[in-house]
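Shown next, in structure tokens, is the structure this report addresses.
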């Protein structure tokens, strides 16, 4: 088992160990550690539920069928396929979390590329950019949204209402950059593509069960059911279906232990660092004016430097709860901004690993430069939409 652990796995384990050391040495009081972990307990339930739901939905071929039909619907027209791909990636991110898009939709898109004789890089870039920039609308779209919900003080519908305009702007800007730098005629091989041949699903019962579970999960969110409960209930439906139809697919590897230890370690380490100077540093970076543009820029810069989850946690700690617009601007920075460096978000790290497994070489210079351009243009425009609709 130890041989199968990658560099990212060791980093996550190290983060948890460091957090436990902080608690054991008294640098983080036990009471504060307990409060921090109790705050994220529902979040951990959600993570397990949504990842299991997404993994088994992929095993049931729901994503594969949707991607193939999307390509057929485009009828060989690249512009139509582009709109369909961006809509598909955006919807998966919005309703099933950005990590789902990075982990599960990327392989589907890359598998679609040879079938339709499509260049793989435009499809791959569509998934990772929209995994980040389309993660503003709902609390479940991004882990940072869930982290901030209690302090922001909005329910799911009110949150979606506040973030609807920023989300639309960020998606439109992302689409513009995707088309110019990856999808237009000069950046792909052919004038038209070949629609793939549709293949029947392996098990219609599993396909139907997974589809219904996803729809019920979305419906539960709209009905304001607590996200952990909604995700766990939807996952149980699919698990029950697989237990009856294909029990071999139910394995312990479905449980996202890497995410669980990463988030747990994060919520032990960041509170400790905040007690010993990190909070003062963040307050200095934000300045005295509560400027949403500056807040978003600090969040984006810190996310690209160290990762968006610790970046959001560190900055949120010094923003007052009544500063709702500033907290939402911080979410814009840590959701839309992490498109520059490969480690800026967990989704990007997972995406690079998926590309490596599928032998897709991502030009690093191009990735960095186009991502920087997207961040520099998309971030202020998205914050403007947030401020204008405040």
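The values are calculated or read from the model by the stated rules, or taken from the named source; none is laboratory data. Here the structure is a predicted model, which means the values were calculated and not measured. Ideal geometry is used to build each Cβ from the backbone, glycine not excepted, and the neighbour counts take in all protein chains shown.
Taken over region 65-93, the criterion of being free of Cβ contacts under 8 Å to residues at least 60 places away in the same chain and closer than 22 Å to residue 209 by Cα is satisfied by 66, 67, 70, 88, 89, 91, 92, 93. Over 21 Å from the mean Cα position of the chain (by Cα), in a helix (DSSP H, G or I), farther than 30 Å from residue 203 by Cα and in contact (Cβ under 8 Å) with a residue 12 or more places away in the chain: which single residue out of 266, 285 fits that description? Going through 266, 285 in turn, just one is over 21 Å from the mean Cα position of the chain (by Cα), in a helix (DSSP H, G or I), farther than 30 Å from residue 203 by Cα and in contact (Cβ under 8 Å) with a residue 12 or more places away in the chain: 285. Exactly one residue among 219, 277 is over 20 Å from residue 145 (Cβ atoms), in a helix (DSSP H, G or I) and out of contact with any helix residue (DSSP H, G or I) (no Cβ under 6 Å at 6 or more places or on another chain), and that residue is 277. Could we say that residue 383 is touching a residue at least 60 places away in the same chain (Cβ under 8 Å), surrounded by 24 or more Cβ atoms within 10 Å (Cβ to Cβ) and not in a loop (DSSP other than H, G, I, E, B) here? So residue 383 fits the description; yes. Looking across region 120-176, the residues that are outside any helix (DSSP H, G or I), in contact (Cβ under 8 Å) with a residue 60 or more places away in the chain and surrounded by 22 or more Cβ atoms within 10 Å (Cβ to Cβ) come down to 135, 136, 138, 142.
Return the residue satisfying two criteria in turn: it lies in region 90-119 and is surrounded by fewer than 23 Cβ atoms within 10 Å (Cβ to Cβ) and modelled with pLDDT of 85 or more, and of such residues it is nearest to residue 328 (Cα to Cα). My answer is 95.
Scan region 192-206 for residues that are over 17 Å from residue 113 (Cβ atoms) and either surrounded by fewer than 19 Cβ atoms within 10 Å (Cβ to Cβ) or free of Cβ contacts under 8 Å to residues at least 12 places away in the same chain (or both) and jot them down. Once the filter is applied, which keeps residues that are over 17 Å from residue 113 (Cβ atoms) and either surrounded by fewer than 19 Cβ atoms within 10 Å (Cβ to Cβ) or free of Cβ contacts under 8 Å to residues at least 12 places away in the same chain (or both), region 192-206 yields 200, 201, 202, 203, 204, 205.
Is it fair to say residue 376 is under 19 Å from residue 125 (Cβ atoms) and in contact with a helix residue (DSSP H, G or I) (Cβ under 6 Å, 6 or more places away or on another chain)?
On the way: under 19 Å from residue 125 (Cβ atoms): yes; in contact with a helix residue (DSSP H, G or I) (Cβ under 6 Å, 6 or more places away or on another chain): no.
No.
Restricting to region 177-212, name every residue that is part of a helix (DSSP H, G or I) and closer than 30 Å to residue 367 by Cα. The answer is 177, 178, 179, 180, 181, 182, 183, 185, 186, 187. Taken as a whole, the condition of being touching a helix residue (DSSP H, G or I) at 6+ places or on another chain (Cβ under 8 Å), under 23 Å from residue 137 (Cβ atoms) and not in a helix (DSSP H, G or I) applies to residue 339. Kindly provide the set of residues from region 341-374 that are over 14 Å from the mean Cα position of the chain (by Cα) and closer than 18 Å to residue 171 by Cβ, ordered by number. Scanning region 341-374 gives 370, 371, 373, 374.
Being under 18 Å from the mean Cα position of the chain (by Cα) and surrounded by fewer than 19 Cβ atoms within 10 Å (Cβ to Cβ) is the filter here, so list the residues in region 79-89 that pass it.
Here is the first cut: in region 79-89, the ones under 18 Å from the mean Cα position of the chain (by Cα) are 85-89.
Scanning region 79-89 gives a single hit, 87.
Scanning region 225-240 for residues that are at pLDDT below 90 and within 20 Å of the chain's Cα centre (by Cα) gives 226, 227, 228, 229, 230, 231. Scanning region 291-326 for residues that are more than 24 Å from residue 11 (Cβ to Cβ) and surrounded by fewer than 24 Cβ atoms within 10 Å (Cβ to Cβ) yields a total of 14.
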